[in-house]
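Written below as structure tokens is the structure these notes are about.
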Amino acid sequence: MNKTIVIGLTLVILVAILAQFFAATDPDGLESTLAKIKNPGVEEKTLFNSPMQDYKIPFLGESPFSGAFAAVIGIFIIFGVVYSIGIVLRKRKT
């Protein structure tokens, strides 16, 4: 892995961790709009349960550290998938 990838990944992780401590606790636009148009008699159904609902790790509670840890896990998952796809495509091209 080259130096540029390591520096970029480090910066992304740092921003994701620091952003958790400055994020607003109010619902975002999508959540507030849903609350306005939702029918009270209609039950919500989901296709599957997310392992990190609301960007939190369940056993860490509602603290900003929980959100930071969830962000770091998400970054590593996405980086791993994208990096793997890049390796496969590079090998197939040559």
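The values are calculated or read from the model by the stated rules, or taken from the named source; none is laboratory data. Remember, it's a predicted structure, so these values are computed and weren't measured experimentally. Using ideal geometry, Cβ is built from the backbone for each residue, glycine included, and neighbour counts are taken over all protein chains shown.
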Cβ pairs under 6 Å, 6+ apart, first in region 47-62 and on the phi < 0 side of the Ramachandran plot and surrounded by 10 or more Cβ atoms within 10 Å (Cβ to Cβ), second assigned to a loop (DSSP other than H, G, I, E, B) and modelled with pLDDT under 75: none
Pairs needed: first member in region 63-82, closer than 16 Å to GLN53 by Cα and without any contact (Cβ under 8 Å) to a residue 12 or more places away in the chain; second member anywhere, in a helix (DSSP H, G or I) and of a type outside the set (Lys, Arg); C-beta distance under 7 Å; at least 6 residues apart or different chains. SER66/LEU60
Please name all residue pairs, on different chains or six or more residues apart, with Cβ atoms under 7 Å, provided the first residue is in region 4-31 and is under 15 Å from ALA70 (Cα atoms) and the second residue is part of a helix (DSSP H, G or I) and β-branched (Val, Ile, Thr). VAL12/ILE75; ILE13/VAL72; ILE13/ILE75; ALA16/VAL72; ALA16/ILE75; ILE17/VAL72
